[in-house]
Structures are given as structure tokens and as C-alpha cells.
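Q: What follows is a single structure, and I will ask about it in a moment.
None of the figures in this text is laboratory data; all of them are computed from the coordinates on show. If you're wondering where the values come from, they're calculated on a predicted model, not measured in any experiment. For neighbour counting, all protein chains shown are included, and Cβ atoms are generated from backbone atoms with ideal geometry for every residue, glycine included.
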Amino acid sequence: MANSNLSAVELDKMDDDRLREELDKAKTELFNLRFAQAAGATESAGRIRQVRRDIARIYTIARERELNIRTAPTVK
């Protein structure tokens, strides 16, 4: 499962590779939640909304880095 409630501050601290990993985990979780919902075995409908928002946050930070609005953390 992806981390619940990923904040923009947490995501901003991640490098690009870690951000991609979180995106992959969130997309996989969203797929599984939708599948469970279709089968009628969903845990919580609110979790789908939360995961969708996490995915949107990740995409936003990635796009801002691409446009040089945000910078990726530097390796020390």
C-alpha cells in the first residue's frame, strides 16, 4: 500500500526516482481498490479519493520540477 496522506512537503523531499516509485505504488493501490469496489469487497470508498489525491500531488510536484518551479533535493 502507498503511504496514506502523502503531503506536499514529504513529496518535495523525495528525489525523482523515489517520486516515481511512490507514483507506481499509488497507481497499483488505486487499481486494486477499484477492482475490490467492483467486486463489492471494498474497505472504504474514502480511500479511493485519498489515493487519487496523492497521485495528483505527485504529478503536480513532478511537473513543477520539470518547469523549474520546484527543485529536486540535492544529494549531500
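Q: How big is the charge dipole of the stretch 8-67 about its Cα centre, in debye rounded to the nearest 20, if each Lys and Arg gets +1 on its Cβ and each Asp and Glu gets -1 on its Cβ?
A: Charge dipole, the stretch 8-67, about its Cα centre: 360 debye, nearest 20.
Q: Another question, if that's okay. Could you tell me which of Ile58, Leu11, Ala38 has its Cα farthest along the dipole of the chain towards the positive end, charges placed at Cβ (Lys, Arg +1; Asp, Glu -1), taken about the Cα centre?
A: Working it through, the farthest residue towards the positive pole turns out to be Ala38.
Q: Also, I was wondering about something else. May I ask for the angle, rounded to the nearest 10°, between helix 16-39 and the longest principal axis of the chain, with both axes built from Cα atoms and the value confined to 0 to 90°?
A: 10
Q: Also, I was wondering about something else. Find how much the distance from Ile69 to Arg49 grows on full extension, using 0.36 nm per residue of separation minus their present alpha carbon separation; answer in nm with one decimal. Spell out each step's value before the answer.
A: Working: separation 20, 0.36 × 20 = 7.20 nm, distance 2.65 nm.
Residue separation times 0.36 nm, minus the Cα-Cα distance, leaves 4.5 nm.
Q: Would you compute, from DSSP H runs of 4+ residues alone, the mean residue ellipticity of the chain at 222 nm, taking -39500 (n - 2.57) per run and dividing by the full residue count, rounded to the nearest 500?
A: On the way: 3 runs with 51 residues, N = 76.
After summing the helix terms and dividing by residue count, I get -22500 deg cm²/dmol.
Q: Between (1) 6.1; (2) 4.5; (3) 5.1, which matches mean projected area of the Cα convex hull in nm² calculated for the structure shown?
A: Computing mean projected area of the Cα convex hull in nm² and matching it to (1) 6.1; (2) 4.5; (3) 5.1 gives (3).
Q: Within the stretch 1-63, report the trypsin sites (Lys or Arg not before Pro) that DSSP leaves as loop and that have at most 14 other Cβ atoms within 10 Å. The partial results should precede the final answer.
A: Working: sites: Lys13, Arg18, Arg20, Lys25, Lys27, Arg34, Arg47, Arg49, Arg52, Arg53, Arg57, Arg63; in loops: Lys13.
Answer in residue order: Lys13.
Q: Please report the relative contact order for the stretch 8-67, taking Cα pairs under 8 Å with a sequence separation of at least 6, and give it as a percent rounded to a whole number. Numbers along the way, then the final one.
A: Numbers: 24 pairs, mean separation 29.0, N = 60.
Relative contact order here is 48 percent.
Q: Given points 7 Å out from each Cα along the Cα-Cβ axis, report the Glu21 to Tyr59 separation in nanometres with one decimal.
A: Placing both labels 7 Å beyond Cα along the Cβ direction yields 2.3 nm.
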